[in-house]
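**Q** A single structure is presented below for examination.
The values are calculated or read from the model by the stated rules, or taken from the named source; none is laboratory data. Just so you know, these numbers come straight off a predicted model, no measurement behind them. Using ideal geometry, Cβ is built from the backbone for each residue, glycine included, and neighbour counts are taken over all protein chains shown. Protein only, heavy atoms only, side chains kept; ligands, DNA and RNA dropped before computing areas. Shrake-Rupley method; radii C 1.70, N 1.55, O 1.52, S 1.80 Å.
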Amino acid sequence: MDDQHSVIVGVGLKMYMSHKDTMEWINLVRGIAKSHPAVTAGVVELFVLPSFTAVIPSVFALRDARVAIGAQDLFWEDRGAFTGEVSGRDLAEIGCTLVEVGHAERRRVLGESESIVSQKMLAAFRNSLTPVLCIGEPERASAADAAAECSRQLWSALEASKAQGKATKLIVAYEPQWAIGAPEPASAEFIREVVGILRIEIDSDPVLRGTRVIYGGSAGPKQLEALSGAVDGLFLGRSAHDAGALKHVLDEAWHLIG
């Protein structure tokens, strides 16, 4: 995912769908991706993060469509006695190109510390996976305070990778934690201000310069237009579990820059 003139649209399925429902959704997305001009022309770079059990069949189902497949998590070691975990090495081997790291739910529900997030980022880079790093303030705050917290989370997540000199190509997903699953996303004005501050800091670092920032947190149709020029795309959740809603977002992207 390198074209700075394209829009990134990602969808995380979390654990909402059964395996059967997931694969039915994947096949709908395949049809949309293969026929939609925003995807076929490269205006939109589309990625999907299904549950672990659906990763391999999703890679197979989308092999002839321009849709990247990633995982919702990875372990920080590549091999060892780590019951129930999945390594970045295996994710890369089966065809994943991205992996989600640091989502607020994993931090809150599963107790993932910032040190763990940092080690998982290193594991992603080590295995040539592009991390989709989720950052965001836990509670409503001013845009300046929100941006400061996001910046702190970003540099903390990159600490282990920078210490070992690993490549830092990543996608930053700004997701205010208080907006995840909420009826409405954060306001466009607020998002613009937070991301604008964050971009200045990212672009001041020669390694991170050019890193793209997408918005999640109850993101959905019509938001891409509202945030045009401020973000590099959207990270969709439940709003895109209706494949028709995903198509509307692609329509919007095509209308804006197609």
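**Q** Go over the candidates Ala144, Ala148, Ala160, Ala167 one by one and state the one that is assigned to a helix (DSSP H, G or I), under 26 Å from Arg79 (Cα atoms) and not basic (Lys, Arg).
**A** Ala160
**Q** Could you list all residues from the range 1-43 that are of a type in the set (A, V, I, L, M, F, W, C), part of a loop (DSSP other than H, G, I, E, B) and either in contact with a strand residue (DSSP E or B) (Cβ under 7 Å, 6 or more places away or on another chain) or at pLDDT below 95 (or both)?
**A** Residues of the range 1-43 that are of a type in the set (A, V, I, L, M, F, W, C), as a first pass: 1, 7-9, 11, 13, 15, 17, 23, 25-26, 28-29, 32-33, 38-39, 41, 43.
Filter once more, keeping what is part of a loop (DSSP other than H, G, I, E, B): 1, 13, 15, 17, 41, 43.
Residues satisfying the conditions are Met1, Leu13, Val43.
**Q** Confirm whether Pro183 is in contact with a His (Cβ under 8 Å, 6 or more places away or on another chain) and open to solvent by 50 Å² or more (accessible area, probe 1.4 Å). Full working, then the answer.
**A** Details: in contact with a His (Cβ under 8 Å, 6 or more places away or on another chain): no; open to solvent by 50 Å² or more (accessible area, probe 1.4 Å): yes.
No: the conditions fail for Pro183.
**Q** Shifting gears a bit: Of the residues that make up the range 183-198, is at least one more than 20 Å from Ala226 (Cα to Cα) and part of a helix (DSSP H, G or I)? Lay out the reasoning, then the answer.
**A** Taking the range 183-198 and keeping what is more than 20 Å from Ala226 (Cα to Cα), we get none.
Within the range 183-198 (the criterion being more than 20 Å from Ala226 (Cα to Cα) and part of a helix (DSSP H, G or I)), the answer is no, since none of the residues qualifies.
**Q** Give the range 200-258 a look and list any residue that's assigned to a helix (DSSP H, G or I), within 17 Å of Trp25 (Cβ to Cβ) and in contact with a helix residue (DSSP H, G or I) (Cβ under 9 Å, 6 or more places away or on another chain), or say none.
**A** Going through the range 200-258, the residues assigned to a helix (DSSP H, G or I) turn out to be 200-203, 223-226, 238-241, 243-257.
Next cut, within 17 Å of Trp25 (Cβ to Cβ) only: 238-241, 243-250.
Ser239, Ala240, His241, Ala243, Gly244, Ala245, Leu246, Lys247, Val249, Leu250, listed by residue number.
**Q** While we're here: What pairs come up if the first residue lies in the range 241-252 and is more than 19 Å from Met17 (Cβ to Cβ) and of a type in the set (D, E, K, R), the second is assigned to a helix (DSSP H, G or I) and open to solvent by less than 20 Å² (accessible area, probe 1.4 Å), and their beta carbons are under 7 Å apart, counting only those six or more places apart or on different chains?
**A** Glu252/Leu224
**Q** Something else: Just need a number here: residues in the range 1-52 that are under 23 Å from Gly217 (Cα atoms), exposed (fewer than 15 other Cβ atoms within 10 Å of the Cβ) and aliphatic (A, V, I, L, M).
**A** Of the residues in that region, 1 qualify.
**Q** Okay, moving on. Within the range 53-70, can one find any residue that is touching a His at 6+ places or on another chain (Cβ under 9 Å), closer than 23 Å to Gly237 by Cα, part of a helix (DSSP H, G or I) and open to solvent by less than 60 Å² (accessible area, probe 1.4 Å)?
**A** Restricting attention to the range 53-70, the residues satisfying the condition of being touching a His at 6+ places or on another chain (Cβ under 9 Å) are 53-54, 57.
Restricting the remaining residues to those that are closer than 23 Å to Gly237 by Cα gives 53-54, 57.
Imposing the further condition that a residue be part of a helix (DSSP H, G or I) reduces the set to 53-54, 57.
Of the ones still in play, those that are also open to solvent by less than 60 Å² (accessible area, probe 1.4 Å) are 54, 57.
Taking every residue of the range 53-70 in turn, at least one turns out to be touching a His at 6+ places or on another chain (Cβ under 9 Å), closer than 23 Å to Gly237 by Cα, part of a helix (DSSP H, G or I) and open to solvent by less than 60 Å² (accessible area, probe 1.4 Å).
**Q** If you go through the range 170-199 one residue at a time, how many are touching a strand residue (DSSP E or B) at 6+ places or on another chain (Cβ under 6 Å) and closer than 15 Å to Leu133 by Cβ? Step through it out loud before you land on a result.
**A** Step one: filter the range 170-199 for residues touching a strand residue (DSSP E or B) at 6+ places or on another chain (Cβ under 6 Å), giving 170-175, 191, 195.
Now drop any that are not closer than 15 Å to Leu133 by Cβ, which leaves 170-175, 195.
So the count comes out to 7.
**Q** Do you know which of the residues in the range 123-144 that are at pLDDT below 95 and open to solvent by 60 Å² or more (accessible area, probe 1.4 Å) is farthest from Gln164 (Cα to Cα)? Give the steps one after another, and end with the answer.
**A** Looking only at the range 123-144, we keep the residues that are at pLDDT below 95, and these are 138-141.
Still in the list and also open to solvent by 60 Å² or more (accessible area, probe 1.4 Å): 138-140.
Values: Pro138: 29, Glu139: 33, Arg140: 35 Å.
Taking the candidates together, the pick is Arg140.
**Q** In the range 82-136, which residue that is of a type in the set (Val, Ile, Thr) and within 19 Å of Ile214 (Cβ to Cβ) is farthest from the chain's Cα centre (by Cα)?
**A** First, pick out the residues of the range 82-136 that are of a type in the set (Val, Ile, Thr): 83, 86, 94, 97, 99, 101, 109, 116-117, 130, 132, 135.
Then drop every residue that is not within 19 Å of Ile214 (Cβ to Cβ), which leaves 97, 99, 101, 117, 130, 132, 135.
Values: Thr97: 12, Val99: 8, Val101: 8, Val117: 15, Thr130: 9, Val132: 4, Ile135: 10 Å.
Selected residue: Val117.
**Q** Can you name every residue in the range 162-200 that is in contact (Cβ under 8 Å) with a residue 60 or more places away in the chain and in contact with a Cys (Cβ under 8 Å, 6 or more places away or on another chain)?
**A** Quick first cut of the range 162-200, residues in contact (Cβ under 8 Å) with a residue 60 or more places away in the chain only: 171, 173, 175, 177, 180.
Within the range 162-200, Ala173, Glu175 qualify.
Per-residue answers, yes or no, for (1) of a type in the set (Ser, Thr, Tyr); (2) surrounded by 17 or more Cβ atoms within 10 Å (Cβ to Cβ); (3) free of Cβ contacts under 8 Å to residues at least 24 places away in the same chain:
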{"position": "Leu74", "(1), (2), (3)": "no, yes, no"}
{"position": "Asp78", "(1), (2), (3)": "no, no, no"}
{"position": "Ala81", "(1), (2), (3)": "no, no, yes"}
{"position": "Asp90", "(1), (2), (3)": "no, yes, yes"}
{"position": "Met121", "(1), (2), (3)": "no, yes, no"}
{"position": "Ala146", "(1), (2), (3)": "no, yes, no"}
{"position": "Glu149", "(1), (2), (3)": "no, yes, yes"}
{"position": "Ala160", "(1), (2), (3)": "no, yes, no"}
